[in-house]
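Worksheet: the structure to be examined is printed underneath.
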Amino acid sequence: MTDTVIRIEGLHKSYETSAGLFPVLKNVDLRIAVGEFVAIMGPSGSGKSTFMNILGCLDEPTAGRYELNGRDVANLDRDELASLRNRTIGFVFQGFNLLPRMSLQDNVALPLIYCGVERDERRQRARDLLAKVGLERYFESMPNNISGGQQQRVAIARALVNRPRLILADEPTGNLDSHTGEEIMALFDTLNREGITIVLVTHEADIAQHAQRQVHFLDGRIVGDHAVQREHRA
Amino acid sequence: MTLAMLGEAWRAMGANRLRTFLTMLGMVIGVGAVVLMMSIGQGAQYAIKQSISAMGSNLFILLSGSTQAGGVRSGSGGGYTLNVADAEAIAELSGVQAVAPIHTGSAQVVYGPNNWNTSVIGTMPGYLDARSWPVVAGSAFTDSDVRSATRVALIGQTAAANLFGDEDPVGKTIRIRQSPFVILGMLGVKGQGMDGRDQDDTILIPLTTAQRQVFGSQFPGSVRMVMVQTETQEIMPSVEKEMTELLRQRHRIREGFENDFFLRNLTAAADSAAESTRIMSLLLGAIASVSLLVGGIGIMNIMLVSVTERTREIGIRMAIGARERDILLQFLLEAIIISVVGCLIGLLLGIAGALLVEATTGTLVIISFSSVVVAFGVAAAVGIFFGFYPAKKAAQLDPIEALRYQ
């Protein structure tokens, strides 16, 4: 049996609304092993983004158990959660979420500031990763001066800078055209081949084809969980 | 880590230069006003202290009591109830440094073709000590001059200028009410007294000479006024008590009867003038501090706006691992940088303003190290105090809500 990265048991999440408690996730169970590439699919409103935020320790479940690398996340305080987001998880957003007033290099190096890495090493690691995602000529550029696909590459480089073993991507190709989306997915494929576990939310079937496993959400429940049959998988 | 944060704070401030500048302006004006007011206040205090020490420090004035003749009462100093022997007895008291009986009057003084009406003070050599008044040319008269009532004089700068012009008065002979006097020495500049009179418009002669030959006296050896100087300010009250007892005993005043003399503490009067100046400068400082407070509130205001504007940025930072204290530090540093830089500029402007005031009005200003330190410390404290609440607010944002903020 392979090592488990994520273990979810009986997860519930409800939001307070003026019309009362509104359930978003209902009794979700999921286990993701090291090295998997999982696509989480479902229509909008199915709860997949909320699930992703809980996985990324940005949001807390109302009930249920979430274990990350064997640790129960519910017992952690705000600083420990911040540390998880900093070192253990790399998060990639649909809207890139780069800081507009910083150069690409500084954007990528930002997570390292929060774990006390020295300036020279920060710069070196940021440059290495920007080169890895094909942006070696843009170290000092500003986010607004590059294309959406390039911005998402920067965001991925930032997610990778603290060498996490888990990447969570929430609709990473949602704001990109299909060609650029394919390029980004190729990057995820490469990362997965290097052994990084990837969990990706999407509603596009051809994007989900890059994963080994597809988990389908509907109305806050998992309604399907199956391996992907693909002819061109490496 | 902190260095990186400092860079970030600097960048955030640079991104909105006009706003940063305007926020800083509050601190600049506050600190500038405090420094300016403190400088002017301390200058005024120093000026008062100078005029006190010019008068002479730790001084008592002993005046003879009033007399009553046929129902007409003279004022204090009207009678001659004090005498030189009293003065000599007082001089024996412990703690008394100098005693100078004084007999004053004004007289027409003639030198060659010039004449001038000036105040003539008959006294003893101790007078110069008591008033810390140096002889800058020639020499002072001595006790033996007093004993033998010689016709010698010390001349003040204003009187000298009016009688002698550019000539050196030392060794010259002047006439005071027709009697010739040799000028032994010239007194140093004393300037304006507390009452505004020119203290340099005067001539000092031995007490005995004044009484016997210039003004005449119904009661030779009696004086209306004695100046007494004590060694330190602290012992003034005890010396005052001893002096009163001594004089009552010497004048044979029975229990229950009023003194036949008046004792005034000149230093106390001068001290109250100094105290009022001190309170005045405190008041000025307090008013200026209000502008510092307003500057601080301005910082808080802008930092709150900044936190709201940058909610999404805060969310992103939290999503990639910023802890509460990282966000807190980031915003706190911004507030501190604004107040400290504003403070530095304010210091420079305040000092420049103080120098300008001195140059244009001639008012003495003193820029003391302590006032600079106080202004700087207060500014830093204001930055931390008013920066803390917005920074704390930023640090306690919920990451997911901050990320969703548009």
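What follows is calculated from the coordinates using simple rules that are stated; it is not laboratory data. This one's a predicted model, so the numbers in the text were calculated from it and none came from an experiment. Using ideal geometry, Cβ is built from the backbone for each residue, glycine included, and neighbour counts are taken over all protein chains shown.
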Q: Report the charge-dipole magnitude of the protein assembly as shown in Debye, nearest 20, computed about the Cα centre from +1 at each Lys and Arg Cβ and -1 at each Asp and Glu Cβ.
A: 380
Q | Gaussian network model of chain B, Cα within-10 Å springs - most flexible of B:G188, B:G112, B:G138 | A | B:G112
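Based on other C-beta atoms within 10 Å, arrange B:W133, B:W116 from fewest to most. It would help to have the intermediate numbers written out before the result.
Working: B:W133 22, B:W116 19.
Fewest to most other Cβ atoms nearby, the residues stand as B:W116, B:W133.
Which GluC sites (Glu not before Pro) in segment A:45-143 sit in a loop by DSSP (not H, G, I, E or B) and have at most 10 other Cβ atoms within 10 Å of their own Cβ?
Values: sites: A:E67, A:E80, A:E118, A:E121, A:E136, A:E140; in loops: A:E118, A:E136, A:E140.
Filter output for segment A:45-143: A:E140.
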Q: Using only the Cα atoms of segment B:192-346, construct the convex hull and provide its projected area averaged over every direction, in square nanometres to one decimal.
A: 19.4
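For the protein assembly as shown, what does the alpha-carbon gyration tensor say about shape, rounded, prolate or oblate, given a ≥ b ≥ c as the root eigenvalues, a/c under 1.5 as rounded, and a/b over b/c as prolate? If you can, show how the numbers build up before the last one.
Values: a/c = 5.54, a/b = 3.77, b/c = 1.47.
In terms of gyration-tensor shape, prolate.
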**Q.** Positive dipole terminus of chain B, leading residue within B:Q330, B:V214, B:T173 (C-beta point charges)
**A.** B:Q330
Q: Counting only DSSP beta bridges with both residues in the protein assembly as shown, tell me the antiparallel percent, nearest 5.
A: 70
Q. By how many degrees, between 0 and 90 and to the nearest 10, does the Cα long axis of helix B:324-361 differ from the longest principal axis of chain B?
A. 30
Q) Relative to the Cα centre, what is the charge dipole magnitude of chain A, using +1 at the beta carbon of each Lys and Arg, -1 at the beta carbon of each Asp and Glu, and rounding to the nearest 20 debye? A) 340
Q: Can you figure out the FRET efficiency of B:R177 with B:V290, using R₀ = 56 Å and their beta-carbon distance, to the nearest 0.05?
A: 0.35
Q | Globularity index of segment A:4-227, i.e. its alpha-carbon radius of gyration over 2.2 N^0.38 Å | A | 1.01
Q.
Which one, B:P180, B:P237, B:P134, has the greatest fluctuation when you compute a Gaussian network model over chain B with C-alpha springs under 10 angstrom?
A. B:P237
Q: Output the Cα-based Rg and Dmax of chain B in Å, rounding Rg to one decimal and Dmax to a whole number.
A: 33.6, 104
(Q) Is the C-alpha gyration tensor of segment B:153-224 telling us rounded, prolate or oblate? Criteria: a/c under 1.5 is rounded; beyond that, a/b larger than b/c is prolate, otherwise oblate. (A) oblate
**Q.** Among B:G7, A:I6, A:I207 the positive-end extreme of the charge dipole of the protein assembly as shown (Cβ point charges)
**A.** B:G7
Q. Within segment A:130-168, whose backbone N sits under 18 Å from a point 7 Å along Cα→Cβ of A:D189?
A. A:133-134, A:153
Q. Taking every residue in A:50-59, how many Cβ atoms of other protein chains lie within 10 Å of its Cβ, on average?
A. 3
Q: Give me the percent of Cα-Cα pairs in segment A:140-207 that sit more than 21 Å apart, rounded to a whole number.
A: 22
Q) GNM, chain A, Cα, under 10 Å: largest mean-square fluctuation among A:A131, A:A169, A:A19? A) A:A19
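In segment A:134-185, which trypsin sites (Lys or Arg not before Pro) fall in coil by DSSP and have 14 or fewer other Cβ atoms within 10 Å?
Working: sites: A:R137, A:R153, A:R158, A:R165; in loops: A:R137, A:R165.
Qualifying residues, ordered by number: A:R137.
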Q: At 7 Å along the Cα-to-beta-carbon direction for both B:T142 and A:H179, put a label point, then send me their distance in nm to one decimal.
A: 11.6
Q. Which whole DSSP H helices in chain A pass both tests: a Cα extent of 15 Å or more along the axis and a mean Kyte-Doolittle value no lower than -0.5?
A. A:148-160, A:178-193
**Q.** Cβ-derived FRET efficiency at R0 25 Å, B:L3 paired with B:V374, nearest 0.05
**A.** 0.30
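If you take every residue apart from B:S306 with its C-beta less than 12 Å away from the C-beta of B:S306, what net charge results, scoring Lys and Arg +1 and Asp and Glu -1? Mind showing how you got there, number by number?
Details: positive: B:R19, B:R310, B:K393; negative: B:E309, B:E313, B:E334.
Here the charged neighbours net out to 0.
Kindly work out what percent of the DSSP beta bridges joining two residues of chain A are antiparallel, to the nearest 5. Provide the component values of the computation, followed by the final result.
Working: 23 of 40 bridges.
Looking only at bridges with both residues in chain A, the antiparallel portion is about 60 percent.
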Q: Treat each spin label as a single point 7 Å out from the Cα along the C-beta direction, and report the B:A273 to A:A63 distance in nm.
A: 8.6
Q. Once both labels are modelled 7 Å past Cα along the beta-carbon direction, what's the A:E121-B:L344 spacing in nm?
A. 3.1
Q) For segment B:228-272, which chymotrypsin sites (Phe, Trp or Tyr not before Pro) are in a loop by DSSP, counting at most 13 other Cβ atoms within 10 Å? A) B:F257
Q. Placing +1 at every Lys and Arg Cβ and -1 at every Asp and Glu Cβ, with all other atoms neutral, what dipole size does segment B:59-231 have around its Cα centre, in debye to the nearest 20?
A. 560
Q: Report the paramagnetic label zone for A:R87: residues of segment A:102-122 whose backbone N is under 12 Å from a point 7 Å from Cα along the Cα-to-Cβ axis.
A: A:115-117
Q | Selection from B:A274, B:G43, B:G30, by position along the positive dipole direction of chain B (Cβ) | A | B:G30
